[in-house]
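In what follows, a single structure is set out as structure tokens and then discussed.
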Amino acid sequence: MKRITSLCALLLCTTFLTGCAGGESTIPEPESAAELSVETEPSAAEPAATEPTATEPAVTEPPEKPEITDGEKEGWLSCTYAGIKHDMILDLPETPDGAPLIIMLPGYGATAENFRSSVHLEETANPHGYAVLYVTGAPQPNKPNSSYSWNSELAADGNPDLAFLKALAGSMQETYGFDSARTYAAGFSNGAAMVHSLAMEAGDTFTAFVSVAGMLSTGIWENRNEANSVGFLQITGEKDELIPKHSDGSAEHYDVPAIEDVVSYWAASNGLTESASETVGDRSVLTKYTGSGTAKQVWDVSIPNGRHSWPNGDYNGVIANELILDFFDAQG
């Protein structure tokens, strides 16, 4: 019998997974309870309320720009958007003006600070001219006692994280002169699920995306775009118990799409009809999808014995940070 609970809830509820041998960077995610609901469109027949009531609160549009202030240390920033506070850490290259920007989204319960200290993408990215911005999520108002997270299913009663991240990218471009044509998002676990949602909904702001141990939620999948123009890199451990896969039969037990179907979708919706595979690290397979007439690419990395973690090379030979920079460089 199939499980009723969606995998999105598991991604939000996961704890530190044992068995990730060697040096893979596994970011613990404390337990949480409920599932996300899916945003639905209001009925056109319903009249708009003129005054807020006890059961129908007034809806306010999110602000155009977040309020960003300096923090205690160099590069540490504080950001408020729609009354929600986010801590951030910005690592700049030697020449920030015109630099590409990578916005990093941690998994459930993680902050910008401990995500940065776990993966240190800036150590690889800054020397190559990339700016890196780590951003802490926030507790969801529809989840009592929830920790830092991202509203990856875009639940109507959750935080406006899609609007926030789009506005944040625009503000960072305006303030620091980052290249608006090379603004990227990368995330782990719940942060990677948010990346899938951004790729579907914010391709006008971000040009390419990286999901490490993340998946595409059912609600977003059921309303997916027919066509996209974004680059996408998916990194998946073959033994990641939280990602549904056809390869191990786990997709049969969940109501979210198998990761193989999701990768195929990103390739097909971008019009990419050619593919080639190569070996990276220790027996891991990198498949690259390309097409004529577009610089966008979709990459898929499958890691034997890989778990729910950020690969750093010590265990499986795959160094996620290097792959990410190679992928972004390939987007043209």
Are any of the residues in the stretch 157-170 within 24 Å of Asn223 (Cα to Cα), surrounded by 23 or more Cβ atoms within 10 Å (Cβ to Cβ), aliphatic (A, V, I, L, M) and within 17 Å of the chain's Cα centre (by Cα)?
yes
I'd like to check something: does the stretch 105-122 contain any residue that is crowded, with 23+ Cβ neighbours inside 10 Å, in contact (Cβ under 8 Å) with a residue 60 or more places away in the chain and in a strand (DSSP E or B)?
yes
Which is in contact with an Asp or Glu (Cβ under 8 Å, 6 or more places away or on another chain) and under 17 Å from Leu325 (Cα atoms), of Lys296, Lys288?
Lys288
State yes or no: is Asn316 among the polar types (S, T, N, Q), touching a strand residue (DSSP E or B) at 6+ places or on another chain (Cβ under 9 Å) and at pLDDT below 90?
yes
Within the group Lys245, Lys296, which residue is within 26 Å of Ile103 (Cβ to Cβ), within 20 Å of the chain's Cα centre (by Cα) and of a type outside the set (Gly, Ala, Ser)?
Lys296
Confirm whether Ala199 is buried (at least 22 other Cβ atoms within 10 Å of the Cβ), among the small types (Gly, Ala, Ser), over 30 Å from Thr95 (Cβ atoms) and at pLDDT 95 or above.
no
Condition met for Asn142 (touching an Asp or Glu at 6+ places or on another chain (Cβ under 7 Å) and either part of a loop (DSSP other than H, G, I, E, B) or modelled with pLDDT under 95 (or both)):
yes
State yes or no: is Gly98 under 19 Å from the mean Cα position of the chain (by Cα) and either over 22 Å from Phe178 (Cβ atoms) or surrounded by fewer than 16 Cβ atoms within 10 Å (Cβ to Cβ) (or both)?
no
Can you tell me which residue among Ser197, Ser211 is under 18 Å from Gln331 (Cβ atoms) and of a type outside the set (A, V, I, L, M, F, W, C)?
Ser211
Given Gly281, Gly291, which one is closer than 30 Å to Ser180 by Cα, over 22 Å from the mean Cα position of the chain (by Cα) and buried (at least 16 other Cβ atoms within 10 Å of the Cβ)?
Gly291
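The values are calculated or read from the model by the stated rules, or taken from the named source; none is laboratory data. Because the structure is predicted, anything quoted here is derived from the model rather than measured. Please note: Cβ atoms are built from the backbone with ideal geometry, for glycine as well, and neighbour counts cover all protein chains shown.
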